[in-house]
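Shown next, in structure tokens, is the structure this report addresses.
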Amino acid sequence: MKTFNYFLLIFMSLAQTISAQNDGWHISTNQSTNYTGIVVANGHLGILPSEKVLKTEQIILNNVYDKESPLGVSRILKGINFQNMKITIDGETVTDDNISNWEQTLNMKEAAFTTRFDFKDKASIEYTMYALRNVAYSGYLDIKITAKKDMVMKATASIETPEEYQDPLSTFRVLRDLETTMPILQTVAKSRLGRHLVAASGTFIWHDINSTREHQRPELVHHKISEYNNQLSFEKDVKKGEDLAFAWTAAQATTQDFHDPQSESERFVIFNLLTPRNDLLRQHKALWDNLWQGDIIIEGDLQSQQDVRLALYHLYAFGRGDNNLSIAPMGLSSQNYNGHIFWDTELWMFPPLLLLNQDIARSLVNYRSDRLDKAKQKAINFGYKGAMFPWESDDTGEESTPAWALTGTFEHHITADVGIAFWNYYRVTKDKQWLKERGFPMLKAVADYWVSRVTKNDDGSYSIKNVVGANEFAPNVDDNAFTNGAAITALQFANLAAKTLGEAENDSWKSVAENIKLYRFPDGTTMEHSKYNGDIIKQADVNLLSFPLNIINDRTTILKDLKYYEPKLAKEGPAMGKSAFAVIYARLGDAENAFRLFKDSYEPNKRPPFGALSETATADLPYFATGAGGMLQTVLFGFGGLHLTENGIEQKNPILPKQWKSLTITGVGKDKRTYTVK
């Protein structure tokens, strides 16, 4: 009964939001209860809005880690919060309790998050939050206050340092170069256990004056509540009917990326201060417009359109094509899973990005090749050849899984997943120079690992023993279906890469790939591992041999596996499991079951008011970028009929759900092709 009431509450909250939604690019809400916000991010910073007026929930810093505790593993940093604001009007602070007509809108096309409300009968206030794509270590809070009466407005911006940080130093200085003055509020502190120095700087900008001229701008007042709470404020008289337009821009830098983060954070702020607002935001919007060349357009089903765009928005927001970083399961929305990189990237998020944005896809694979030496060292440490990738990876490339979790020591399919992603990148881009420099060295190391990892049986077959498979409910098993299938595929891909570069075929890779065991029940259904007896499974495992691996490709076996394993999926399992089933049904021509599973793969996981995806239907762990990748794969590889082949991207037998009038996929592949299904 409690579960029913929980989902009823979510449904009602989402239904109340629908009235404010207006098109496929915007999601709006006037509901501030049972609230999960949507992050604005740019691949370096993730800024999470709050339902509370003028507040920011948190800021996440990509690829910046410190230990979670003295005896713990690394954890991604929650940054210094540089984007909280307080406004008082005629001496009264604007709060959640004295406003009306509150509404928030996510503009996915421009990656802008706007909040609007009225303060009594005195003012209308609107502010838009950006994580600037063009100045990627900075945020921009654009504010407009419309006076309904003559009033005195005071704005206070704060830089608030999490308590876990050490030795913060909070200052306010006015930097000068001739007549140009640059007021900078700043806090510099050490991360929780001192691994990094973190610096956050900020300043006000007034759009209708020269903000760098002291005699023109309002007087700035510095108030340091403590070293952990640094504030800067100004006052201004506003006449009835007038608009006051200003911004707060702030930046954050760390020793992960800069030798002198304190000065660098100031430079970003100064750049934003001295760049005209329209130019700065035009650059941001142009970069997002370029991202949206790769788009999915659904006609006839607005809710599906918004859901799919929201998923794609998050993958674009969490990645960049110029930093060679990867995407964690929660992206830049939270510290869940410590911000580590898992198989989630290669198997679930990478394929949609590979189709729609090869720049970001290249960053994801390059992240792994930049850490190849560490993977080679891990293989040596465990007595193997080649490269053995960590189940959880951080900036170091070493194993970052907590030692108590068996996945870190035994979930070895990650190494095959990496190799598969590398060959698929070449399949789409045909970048032979990249293949020579990064792709083949990776595939060779992955293949050498699997040759050293298998055990030869008396009958000449090979087993992969003592692993945790994709179904993590079954630890330390032999011949897990997905692990074996992924190893087969990676070995085959390594030889294809060798052939492409004019290298001789490796007989060991070929022999092992052809003889790795897969177990079956007497009726032909694929067994998940050698001793599998029908237990509930965490997520898709066997069925991944049909898609994406294409090892099981006869219709009879595919259907047997689908019908056997769908009822075995745990209700508390992650979102992406059913999306693989949906792709397979779509490819079999069964649009009804495909659409059913497409919706089942994410709808129970949506959280109001914007539809943020939680990892599971039974818990609140948003935003689950892995689930976003899964649902996008259903649309692209299932309904869209797109296949990754040796010829690149090919469309085969697309199928349209009856609920949709048409499906259009734009910006596909290096030639930016458009595919339409009607």
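Observations, loosely collected:
- Scanning segment 567-584 for residues that are in contact with a Leu (Cβ under 8 Å, 6 or more places away or on another chain), closer than 20 Å to residue 620 by Cβ and of a type outside the set (Gly, Ala, Ser) yields a single hit, 578.
- Hits in segment 250-262 (condition: of a type in the set (S, T, N, Q) and open to solvent by 20 Å² or more (accessible area, probe 1.4 Å)): 255, 256, 262
- Test result for residue 100, part of a strand (DSSP E or B), surrounded by fewer than 16 Cβ atoms within 10 Å (Cβ to Cβ) and on the phi < 0 side of the Ramachandran plot: yes
- Scanning segment 633-655 for residues that are open to solvent by 40 Å² or more (accessible area, probe 1.4 Å) and either part of a loop (DSSP other than H, G, I, E, B) or small (Gly, Ala, Ser) (or both) returns 646, 647, 652, 653, 654.
- Subset of segment 349-365 [open to solvent by 10 Å² or more (accessible area, probe 1.4 Å), in contact (Cβ under 8 Å) with a residue 60 or more places away in the chain and outside any loop (DSSP other than H, G, I, E, B)]: 351, 358, 362
- The set of residues in segment 568-590 being in a helix (DSSP H, G or I) and either in contact with a helix residue (DSSP H, G or I) (Cβ under 7 Å, 6 or more places away or on another chain) or open to solvent by less than 10 Å² (accessible area, probe 1.4 Å) (or both) consists of 577, 578, 579, 580, 581, 582, 583, 584, 585, 586, 587.
- Single residue of segment 488-514 satisfying the filter (among the acidic types (Asp, Glu) and either under 34 Å from the mean Cα position of the chain (by Cα) or not in a helix (DSSP H, G or I) (or both)) that is surrounded by the fewest Cβ atoms within 10 Å (Cβ to Cβ): 505
- When residues of segment 367-390 are limited to those that are in contact (Cβ under 8 Å) with a residue 60 or more places away in the chain and open to solvent by less than 10 Å² (accessible area, probe 1.4 Å), the one nearest to residue 629 (Cα to Cα): 368
- Just so you know, in segment 525-546 the residues that are touching a helix residue (DSSP H, G or I) at 6+ places or on another chain (Cβ under 6 Å) and assigned to a loop (DSSP other than H, G, I, E, B) include one that is most open to solvent (accessible area, probe 1.4 Å), and it is 536.
- Of the criteria (1) within 21 Å of residue 344 (Cα to Cα); (2) in contact with a Ser or Thr (Cβ under 8 Å, 6 or more places away or on another chain); (3) not small (Gly, Ala, Ser), which one residue 478 fails: (1)
- Of all residues in segment 469-484 being of a type outside the set (S, T, N, Q) and open to solvent by 10 Å² or more (accessible area, probe 1.4 Å), the one that is nearest to the chain's Cα centre (by Cα): 472
- Single residue of 159, 184 found to be aliphatic (A, V, I, L, M), at pLDDT 95 or above, closer than 30 Å to residue 99 by Cβ and part of a strand (DSSP E or B): 159
- Condition met for residue 422 (closer than 19 Å to residue 63 by Cβ and either surrounded by fewer than 24 Cβ atoms within 10 Å (Cβ to Cβ) or hydrophobic (A, V, I, L, M, F, W, C) (or both)): no
- Exactly one residue out of 135, 94 is farther than 23 Å from residue 41 by Cβ and surrounded by 20 or more Cβ atoms within 10 Å (Cβ to Cβ): that is 94.
- Candidates 334, 304, 326, filtered to the one that is part of a helix (DSSP H, G or I), at pLDDT 95 or above and of a type outside the set (A, V, I, L, M, F, W, C): 304
- Within segment 591-609, the residues that satisfy the criterion of being open to solvent by less than 10 Å² (accessible area, probe 1.4 Å) and under 21 Å from residue 47 (Cα atoms) are 607, 608, 609.
- For segment 105-122, filtered to residues that are open to solvent by 10 Å² or more (accessible area, probe 1.4 Å) and either in contact with a His (Cβ under 6 Å, 6 or more places away or on another chain) or assigned to a strand (DSSP E or B) (or both), the residue that is farthest from residue 313 (Cα to Cα) is 118.
- Single unsatisfied condition, residue 622 versus (1) surrounded by fewer than 24 Cβ atoms within 10 Å (Cβ to Cβ); (2) at pLDDT below 95: (1)
- First in segment 239-250 and over 14 Å from residue 121 (Cα atoms), second anywhere and outside any strand (DSSP E or B) and polar (S, T, N, Q), Cβ under 7 Å, 6 or more apart: 249/272
- Residue check, residue 23 at pLDDT below 95, surrounded by fewer than 21 Cβ atoms within 10 Å (Cβ to Cβ), out of contact with any Cys (no Cβ under 8 Å at 6 or more places or on another chain) and not β-branched (Val, Ile, Thr): yes
- Every pair of residues 6+ apart whose Cβ atoms lie under 6 Å, when the first sits in segment 391-416 and is under 21 Å from residue 76 (Cα atoms) while the second is of a type in the set (Lys, Arg) and open to solvent by 20 Å² or more (accessible area, probe 1.4 Å): 397/371; 397/374; 398/374
- Evaluating residue 136 against the criteria (1) in contact (Cβ under 8 Å) with a residue 12 or more places away in the chain; (2) at positive phi; (3) hydrophobic (A, V, I, L, M, F, W, C) leaves one unmet condition, (2).
- Scanning segment 515-524 for residues that are part of a loop (DSSP other than H, G, I, E, B) and under 15 Å from residue 482 (Cβ atoms) yields 517, 518, 519.
- Selection from segment 458-468 of residues that are open to solvent by 40 Å² or more (accessible area, probe 1.4 Å) and either more than 24 Å from residue 406 (Cα to Cα) or among the basic types (Lys, Arg) (or both): 458, 459, 465
- Lone qualifier among 588, 636, 632 - being within 15 Å of the chain's Cα centre (by Cα) and on the phi < 0 side of the Ramachandran plot: 632
- Matching residues in segment 298-323 - criterion: being farther than 15 Å from residue 358 by Cα and of a type in the set (Lys, Arg): 309
The values are calculated or read from the model by the stated rules, or taken from the named source; none is laboratory data. If you're wondering where the values come from, they're calculated on a predicted model, not measured in any experiment. In this analysis, Cβ positions are derived from the backbone assuming ideal geometry, glycine residues included, and neighbour counts consider all displayed protein chains. Side chains included, ligands, DNA and RNA excluded: accessible areas come from the protein's heavy atoms. Shrake-Rupley method; radii C 1.70, N 1.55, O 1.52, S 1.80 Å.
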